[in-house]
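The structure under discussion appears below in the form of C-alpha cells.
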Amino acid sequence: MLPSKTARRIAVVVKGYPRLSETFIAQEILALQERGLELAIWSLRHPTERAVHPMHKAIKAPVTYLPEYLYEEPLRVLRGAAWSLRQKGFGPTIRAFWRDLKRDFTVNRVRRLGQAFVMAREMPPDVGHLHVHYLHTPASVVRYAALLTGRTWTFSAHAKDIWTTPDWEKREKMAEALWGVTCTAHGASHLQALSDPQKVSLVYHGLDLSRFPAPPESRPARDGSDPQDPLRIVSIGRAVAKKGFGDLIKALAALPPDLHWRFAHVGGGELLDALKKQAKEAGIADKVIFLGSKAQPEIIGLLQQADLFVLPSKEAKSGDRDGLPNVIMEAASQELAIVATDFAGIPEFIRNGVEGELVPPGDWEALSNALNLLARDPERRRALGAAAFARLRRDFSMEGGIDGLERRFRSLAESPSKEPEYV
C-alpha cells in the first residue's frame, strides 16, 4: 500500500529475525522503541534458532515475514505482483531490476523482486519510511519496494554486506537512499569513497551496559600451572571462515605442554563439525568444548568465569570480514582480558597493549604466543581487562549512537509524507 500523508511508523527490514548473532540490531530496535518511536519489523527469513535473547522478548514491534522462497507462498507473491503491476512505480522498479539482473544473472535477484512485490502490497499505509539492516540482499528488497510505493529509505551497513557486494551495486543503492550509517571507520571510509561522503556516517553500535551485570569483583589468579584448576579460555561467534577459529585450534594445539588450559566455544555455524574434527586430529579434543548457541544469561556467566577471551577474525576467501564484533565489547563488559587480531574494526576499540593484545590476522603462531604469555600473567590480564572496560564505558556506550539515530528517524516520522515522485 502507498503511505498516507500522516504516515509515522518506520519499518525496520532485516535478513532474519530474531537472530542471536545480531544482538546489535535487537539492541538498536529496543532502544528506539523505549524512546517512543513507532516501529514495525519485516524479515526476509524465519528464525532458525531455538534460543531467544531477552531483548527479543522485550521488543513489541509487530513482525512480518516475507516469503523466504517464492514457491512456498505462490498466491501471496502473485497477489503482490498483480498489485505492483498497477502502480506508477512499477516501470522504474522493473528498469532498476533489469539493470541489476543483467550484471548479476541469478535466481536470488528474482527472489528479491518477488519479496519486494509482497512487501510493497502488504506494507501498511501508516508506514512512511523503510530502514534496512545490510546493504546487500535486504537492501535490494527495500530499494525495489521503495521504488514501487514512493517511500523513502535508509540503511545500516555492517560487514559482509560492505565487503562482498559489488561496488556498482553499492553506488547505485546509496545514490537512492536518503542516508546510511555503518559501524566501523574502515567501513565508513570505503562507502564514503563510493558515494556522497555526507550520506554515510560512522555510528558505533556500542553496548547498552544497563543490560549487563557488573564485572566480577575479582578473578582467580590462574596461571596455567595447576592441572586441577586450568586456565579458562572462551570465544563466541559463528563457526564461519571470517572468524578464524581454524587458526585458533592450531594456536591452542601449539601451546606448551606445561600450560594447563580449557577452551569453550559458543555459537553455531557451518564449520562447527570441521572444527571438532580439527581439534580431535590435533590431539586437544579433551580440552575443547563446543557448546553451540546459548542464550545471553549463559554467555554472560561463561564470560564471568573465564580468564581470557579470544577472537581471531580474518578475511574469508569470499572477501567477507567482521566489522567490530559485539562479542569483543561484551567480553570487555566483564573486564575480561582479550586477545584478538589487528583486523577490520577490532583495533578501533582494542589498542594493542592497552585494552588487549592484537596479533596479525591468520598468524596462528603469533596467536599461540600471545595466549601463552597472557595465560601465565594474571596481573597483566587484570590490567588489560580493566582498561577495556574503562574504554567501553567512556567511548563505546550505546547512547551516543542511538541519540543520533533517534533524531534522524524522528525527523522522518514527524515530517508529512509527500506524494511519490517517479522518474
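The values are calculated or read from the model by the stated rules, or taken from the named source; none is laboratory data. This one's a predicted model, so the numbers in the text were calculated from it and none came from an experiment. Here the Cβ positions follow ideal geometry from the backbone for every residue, glycine too, while neighbour counts run over all protein chains shown.
Within the range 87-101, is there a residue that is out of contact with any helix residue (DSSP H, G or I) (no Cβ under 9 Å at 6 or more places or on another chain) and among the aromatic types (F, W, Y)? Looking for residues that are out of contact with any helix residue (DSSP H, G or I) (no Cβ under 9 Å at 6 or more places or on another chain) and among the aromatic types (F, W, Y), one finds at least one in the range 87-101, hence yes.
Do we find a residue being crowded, with 20+ Cβ neighbours inside 10 Å, assigned to a helix (DSSP H, G or I) and at pLDDT below 95 anywhere in the range 146-160? Yes: the range 146-160 contains one or more residues that are crowded, with 20+ Cβ neighbours inside 10 Å, assigned to a helix (DSSP H, G or I) and at pLDDT below 95.
Could you tell me whether the range 194-207 includes any residue that is assigned to a loop (DSSP other than H, G, I, E, B), hydrophobic (A, V, I, L, M, F, W, C), closer than 16 Å to L371 by Cβ and touching a strand residue (DSSP E or B) at 6+ places or on another chain (Cβ under 8 Å)? No, that holds for no residue.
Could we say that A58 is among the small types (G, A, S) and either under 22 Å from Y204 (Cα atoms) or buried (at least 16 other Cβ atoms within 10 Å of the Cβ) (or both) here?
Spelling it out, it is not the case that A58 is among the small types (G, A, S) and either under 22 Å from Y204 (Cα atoms) or buried (at least 16 other Cβ atoms within 10 Å of the Cβ) (or both).
Conditions (1) in contact (Cβ under 8 Å) with a residue 40 or more places away in the chain; (2) surrounded by 14 or more Cβ atoms within 10 Å (Cβ to Cβ); (3) in the same structural domain as A145 (by TED's automatic domain parsing); (4) over 24 Å from C183 (Cβ atoms), marked per residue:
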{"position": "Y17", "(1), (2), (3), (4)": "yes, yes, yes, no"}
{"position": "E28", "(1), (2), (3), (4)": "yes, yes, yes, no"}
{"position": "A31", "(1), (2), (3), (4)": "yes, yes, yes, no"}
{"position": "S43", "(1), (2), (3), (4)": "no, yes, yes, no"}
{"position": "H46", "(1), (2), (3), (4)": "no, no, yes, yes"}
{"position": "P62", "(1), (2), (3), (4)": "no, no, yes, yes"}
{"position": "E68", "(1), (2), (3), (4)": "no, yes, yes, yes"}
{"position": "Y71", "(1), (2), (3), (4)": "no, no, yes, yes"}
{"position": "P74", "(1), (2), (3), (4)": "no, no, yes, yes"}
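Residues checked against (1) under 26 Å from L20 (Cβ atoms); (2) touching a Phe, Trp or Tyr at 6+ places or on another chain (Cβ under 8 Å); (3) acidic (D, E):
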| position | (1), (2), (3) |
| --- | --- |
| W168 | no, no, no |
| K173 | no, yes, no |
| L191 | no, no, no |
| L194 | no, no, no |
| R232 | yes, yes, no |
| G237 | yes, yes, no |
| G244 | yes, no, no |
| D247 | yes, yes, yes |
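On the stretch given as the range 334-355, residues that are surrounded by fewer than 23 Cβ atoms within 10 Å (Cβ to Cβ) and either more than 19 Å from the chain's Cα centre (by Cα) or not hydrophobic (A, V, I, L, M, F, W, C) (or both) total 7.
Condition check for F105 on (1) more than 27 Å from A26 (Cβ to Cβ); (2) part of a helix (DSSP H, G or I); (3) hydrophobic (A, V, I, L, M, F, W, C): one failure, at (2).
Based on this model, can you work out whether R222 counts as under 20 Å from G356 (Cβ atoms), buried (at least 17 other Cβ atoms within 10 Å of the Cβ), outside the structural domain of A31 (by TED's automatic domain parsing) and modelled with pLDDT under 95? When the stated conditions are applied, R222 does not pass them.
A quick yes/no check of all residues on (1) under 27 Å from Y134 (Cα atoms); (2) out of contact with any strand residue (DSSP E or B) (no Cβ under 9 Å at 6 or more places or on another chain); (3) among the acidic types (D, E):
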residue: D307; (1), (2), (3): no, no, yes
residue: L324; (1), (2), (3): yes, yes, no
residue: I328; (1), (2), (3): yes, no, no
residue: A332; (1), (2), (3): yes, no, no
residue: N352; (1), (2), (3): no, no, no
residue: E357; (1), (2), (3): no, no, yes
residue: L371; (1), (2), (3): no, no, no
residue: A387; (1), (2), (3): no, no, no
residue: L392; (1), (2), (3): yes, no, no
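Of all residues in the range 128-151, those satisfying the criterion of being closer than 20 Å to I25 by Cβ and touching a Pro at 6+ places or on another chain (Cβ under 9 Å) are H129, V132.
For the range 291-311, the candidate set comprises residues that are in contact with a helix residue (DSSP H, G or I) (Cβ under 9 Å, 6 or more places away or on another chain) and under 18 Å from R393 (Cβ atoms); within that set, the residue that is surrounded by the most Cβ atoms within 10 Å (Cβ to Cβ) is F309.
Rundown of residues vs (1) over 22 Å from the mean Cα position of the chain (by Cα); (2) touching a residue at least 60 places away in the same chain (Cβ under 8 Å), yes/no style:
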{"position": "L255", "(1), (2)": "yes, yes"}
{"position": "G268", "(1), (2)": "no, yes"}
{"position": "D273", "(1), (2)": "yes, no"}
{"position": "E298", "(1), (2)": "no, no"}
{"position": "Q304", "(1), (2)": "yes, yes"}
{"position": "D307", "(1), (2)": "yes, yes"}
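K314 meets the stated requirement of being farther than 22 Å from R376 by Cβ, buried (at least 18 other Cβ atoms within 10 Å of the Cβ) and out of contact with any Lys or Arg (no Cβ under 6 Å at 6 or more places or on another chain).
Of all residues in the range 408-419, those that are surrounded by 13 or more Cβ atoms within 10 Å (Cβ to Cβ) have Cβ atoms under 9 Å from Cβ atoms of residues that are at pLDDT below 70, 6 or more apart or on another chain, in A413/A7; S417/K5; S417/T6; S417/A7. Residues that are crowded, with 22+ Cβ neighbours inside 10 Å and in a loop (DSSP other than H, G, I, E, B) within the range 225-251 comprise G237, G244, listed in sequence order.
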